[in-house]
Amino acid sequence: MANRFGVKLQSRLPNLAGIYLFSTPITCTNSVQCCSKAQTRIVGKRRAIRCRNIHRRVVLGIGVSLWSQFMSMAGNVGAKSFVASARQKGAIEQVLKNVEWPEQFPLKDEDFQRFDESSDTLFYEMPRFVTHIDDQAIAALTKYYSEVLPSSNTPGVAVLDMCSSWVSHYPAGFKQERIVGMGMNEEELKRNTVLTEYVVQDLNNNPKLPFGDNTFDVITNVVSVDYLTKPLDVFKEMSRVLKPGGLAIMSFSNRCFWTKAISIWTSTGDADHVMIVGSYFHYAGGFEPPQAVDISPNPGRSDPMYIVYSRKIATA
């Protein structure tokens, strides 16, 4: 049976009225106190706050109500809530199977607002030489990359690491003729030894990618897709600069700078996030049907890690 733009979720979103009660952990990677009764732990060099059962005001638009309607349509998972089943390893991978997408992109401008609408350039002005997912999640992502990226030093291969920083999490010794990092902080990009060049650009201010058509074989984006306020513009640009058949890999967890993440992201859960990213690929055009992979290394005991990927249509 086709999945009519989603799966059966708990009918909670229409009743938000601007307030969302998180029933699953949402983790903040900034130093803002984002919850009461927070559990705090040190991960590497960063201070992370794991929040449980927190009430937080978020900016919600019309789109989130539409989203709940689509996501509550009966899909191919029976009567059980997909939110519950998505916690089981492998269930996330079913989210994008046989989706019947609506004709129009269902999200509205309001769904891409953030709690903090101040300048992103100012927010990222100071370098952060930290990692934003734990070591097990990083290892899982690196292993995934080792399985899907072109072999090192493949002639003519060009890679774009979008929303890059001081580390790209590629396999050790990974090299290509051209690896471009695009990010917000020059000091972080300078520290990234895998890059052959870098570009400092705020994609929320200017989503136009400064590259020619059919330039890259692979585009990667690690735990940053949730910050894009103009995702369709960015994904259209990704399609333009990818070579026909080129691969785009979006990876994400449940960690974020919550004040800078878009409201539709902070008001929904992991399964919804997979659908949201899949919708970007679909409505941008020029991509094959997106697919999801759950590479979470140790569910419930380490950071979850999800992949949504697609290839540029070979004839596009």
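Computed from the coordinates by the stated procedures, all read-outs in this text should not be read as laboratory data. Please read all numbers here as calculations on a predicted model, not as lab measurements.
Here the relative contact order of the range 166-232, from alpha carbon pairs under 8 Å that lie six or more residues apart, stands at 29 percent.
Every pair of different Cα atoms in the range 148-223 enters the Kirkwood calculation, which places the hydrodynamic radius at 12.6 Å.
On a 20 Å Cα-Cα criterion, which of the cross-link pairs Lys143/Lys190; Lys143/Lys175; Lys97/Lys208; Lys190/Lys230; Lys190/Lys243; Lys236/Lys312 come out too long? Table pairs above 20 Å Cα-Cα are Lys143/Lys190; Lys97/Lys208; Lys190/Lys230; Lys190/Lys243. Can you pull the percent of Cα pairs in the range 204-316 with separation above 22 Å? More than 22 Å apart: 30 percent of the Cα pairs in the range 204-316. Computed across the range 85-194, the Kirkwood hydrodynamic radius from all distinct Cα-Cα pairs reaches 17.4 Å.
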